Structure formats: C-alpha cells, structure tokens
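Right, one structure below, let's go through it.
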Amino acid sequence: MRILVTGGAGYVGSHVVKLLGERGHQVLTYDNLSTGHRWAVLYGELVEADLGEEGKLEEVFQVFRPEAVMHFAASVVVPESVREPLKYYRNNVENAFKLIGVCLRFGVKAFVFSSSAAVYGVPEEVPVKEEAPLRPINPYGSSKVMVEQALEDCSRAYGLPYVSLRYFNVAGADPEARIGQASREPTHLITRALKAAAGRLPRIEIYGTDYPTPDGTCIRDYIHVEDLAEVHLLSLEYLLDGGRSRVYNCGYGRGHSVREVIEEVKRVTGVDFSVVEGPRRPGDPPELVADPSRIKAELGWSPRYGDLGSIIETAWRWERRLEDVLREA
Ligand code: UFG
C-alpha cells in the first residue's frame, strides 16, 4: 500500500515509517526537517517540504497517489504554544486543514491523525476514557481539538475515514538504537533523566512534590514508541477493512510517578545522578492515565513493551548513541 507520512522524520513518525517499511508498505515521508532528521527516515523516499506549500503537496500527491495518509507533522512543545499560539494554529491547524483538503481531492481512503492527551486538559476522572470532556488548557491542546473537530465534520460530510490517536506520554526508542528522541533541548522527563545519567545535564529537577498523589509527584502513563507505532498500523488496517471513524486513547492504563521514573532510570543506567526538588510547572495535571479498553477491544492491540524498564532501557541505548549520530549527520 502507498502511504504518505507527514512528519515521518520526527520522533514518533520515524518509528511508524520504520514499521510500515518493515511490513512491506511503500512509504513517502513529507517533512520540512524543522525538527526531524534525514537519517531518521529508514524506509522510502523523503520529500523535504513544508505543509504550508499546498502546491508542492498536491504535486507530491499527483505523483505518489497515496491510498492512506498519516499526519504527524506538528509543533509539540506545550510552553512554546502558550508563548506563540499563532505558530501552533498555523502549523497544527491551518496546515492540517490544507492536508485534509488535498486528501479529499485525491480520494485518500484512510487518514490517521496524531492527537494528544492534551485535549483533555486536567481530567476529572482517571483513567481517562475517550468520552471524557475535551477541555484543553493550552494552545497545543486546543490545536489538536480543532483538527479532531474538522476531521469529524469532514468524515461526516465527505466520507473521509479517519482515526485520531490521543497519545499519552510517549517514550522509548528503536530496540536497535537506530532512531529515537533526538531533540537538542528535550523537555520530557525520561529523556532529561537519561541526559542527567549520561552527564549531559548536571541534574534533574522534580517539578512539584506537593501533588495529591501517593508520593506527591505527578503520575503519567508512559507508552513505548514501538507499541504506539503498532497502533498506527492497526488503525490503518481497521480503516481499510471498512471501520468507521474513531478516536482512541493510547496508553497502557498504568501510571508512574516522577519519583518512580527517576528511580527506574537510576536502576537501568546504574548512575546515581543528582535530583533536586523544585516548584510545580504550570499546567501539569496531577494524574494522566489512559483507559485503553477501547483500543484493545476494537483494534486488538496487545502491547509488547508494557513495562517502564524496557522503555527506559531502549531509550538509554539510544541516548548513548545520539551524540555520534548527530555528529555524523
Ligand atoms: N517533569 C519533571 N522534571 C523534568 C521534566 C518533567 O519533574 O525535568 C515532570 C513534569 O512536571 C510532569 C512529568 O514529569 O509531571 C512528565 O512530564 P513530561 O514533560 O515528560 O510530559 P507531559 O506529561 O508534560 O507531556 C505529555 C505529552 C504532551 C502533552 C501533555 C499533556 O508529552 O504532548 O502530556 O498534558 F501535551
């Protein structure tokens, strides 16, 4: 099958491109390389272009004729979205609308969208079900809600079948350490803790120890990027089998506190790096854990890396290779 992947040179996108390539699909990555990397695209062609260039996008569709589209390309840094909301509405909303329009013109049969748990804001009930109210608390989350709304309306009006995947906390890397999280200034907990273990950060700070959780730190549902990649493939197969448009929470349904994560990083790496306790980071919900019942029941998803240790081990292997990869690039 011919699949066009926007943002295929980024963190999650590149793992999905790898899986699609391994399963024999014909993949084309469309990425402006603003945060992605050429070396991360392990299969298929890479077209370096921006989604804002609608003419270019149409040209690529004309030649490649994708049967399915997976849309990862987006800006993803929550605090940045608060400072620069228009950047998020342009990159995440306007560009998605353009892409949806082109998909409709070219008769794309399936559309898989990268959404986020950020659509829920601070959920009232945990584990979070897909029916929970959408109350984003930052422009990043709002941008995802807007695209989901557009997809729902377009699906109804024009029959574009889609699946929207609401990612919880994605982490981990390719077990062979060929690709992984490659941001120079990561904000995510596991990546930062591993950088502290590698001596690339002097210490890690815990953002808040007075939350209403058993150890006072925030709880998250960390999902391995390889398991998440599998969800994308299952979503595609589901849509092509005639499945109706659907939204799924992507997580294991099991939470880990910040302290637990840091302890596990110390255990896996064998490094006792420095940890300091600091104030809360604005906008962090105390607990964010997915209810994965729907995705398991409807897509038959069974995760392979459901323990925190494997997530951290693969990410650690990658973290130790990263500087060499960036130097060679
Ligand atoms: N944290 C620390 N120290 C750090 C980094 C993070 O204590 O150096 C804490 C955070 O405060 C939070 C937890 O670790 O409690 C996880 O933080 P991350 O930054 O790793 O991830 P988030 O939960 O903030 O982000 C995730 C997704 C976003 C999504 C958001 C919705 O990565 O895409 O959930 O709340 F928008």
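The values are calculated or read from the model by the stated rules, or taken from the named source; none is laboratory data. Owing to the predicted nature of the structure, the values given are computational and were not obtained by experimental measurement. Heads up, the Cβs are rebuilt from the backbone with ideal geometry, glycines too, and the neighbour counts pull from every protein chain shown.
Of the residues VAL78, VAL17, the single one that is among the β-branched types (Val, Ile, Thr) and modelled with pLDDT under 95 is VAL78. Report yes if some residue within the range 50-59 is buried (at least 19 other Cβ atoms within 10 Å of the Cβ) and in a loop (DSSP other than H, G, I, E, B); otherwise report no. Scanning the range 50-59, I find at least one residue that is buried (at least 19 other Cβ atoms within 10 Å of the Cβ) and in a loop (DSSP other than H, G, I, E, B), so the answer is yes. Residue count for the range 304-329, restricted to those that are buried (at least 19 other Cβ atoms within 10 Å of the Cβ) and either modelled with pLDDT under 95 or in a loop (DSSP other than H, G, I, E, B) (or both): 2.
Within the range 157-207, the set of residues being part of a strand (DSSP E or B) and either over 19 Å from the mean Cα position of the chain (by Cα) or near the ligand (Cβ under 9 Å from one of its atoms) (or both) comprises TYR167, ASN169, VAL170, ALA171, ILE204, GLU205, ILE206, TYR207. Go over the candidates GLU230, GLU319, GLU313, GLU263 one by one and state the one that is farther than 30 Å from SER155 by Cβ and away from the ligand (no atom under 16 Å from the Cβ). So the residue among GLU230, GLU319, GLU313, GLU263 that is farther than 30 Å from SER155 by Cβ and away from the ligand (no atom under 16 Å from the Cβ) is GLU313. Listed here are the strands (runs of 3 or more DSSP E) enclosed by the range 213-284 that have at least 1 residues being over 19 Å from MET70 (Cβ atoms) and among the aliphatic types (A, V, I, L, M): 275-278.
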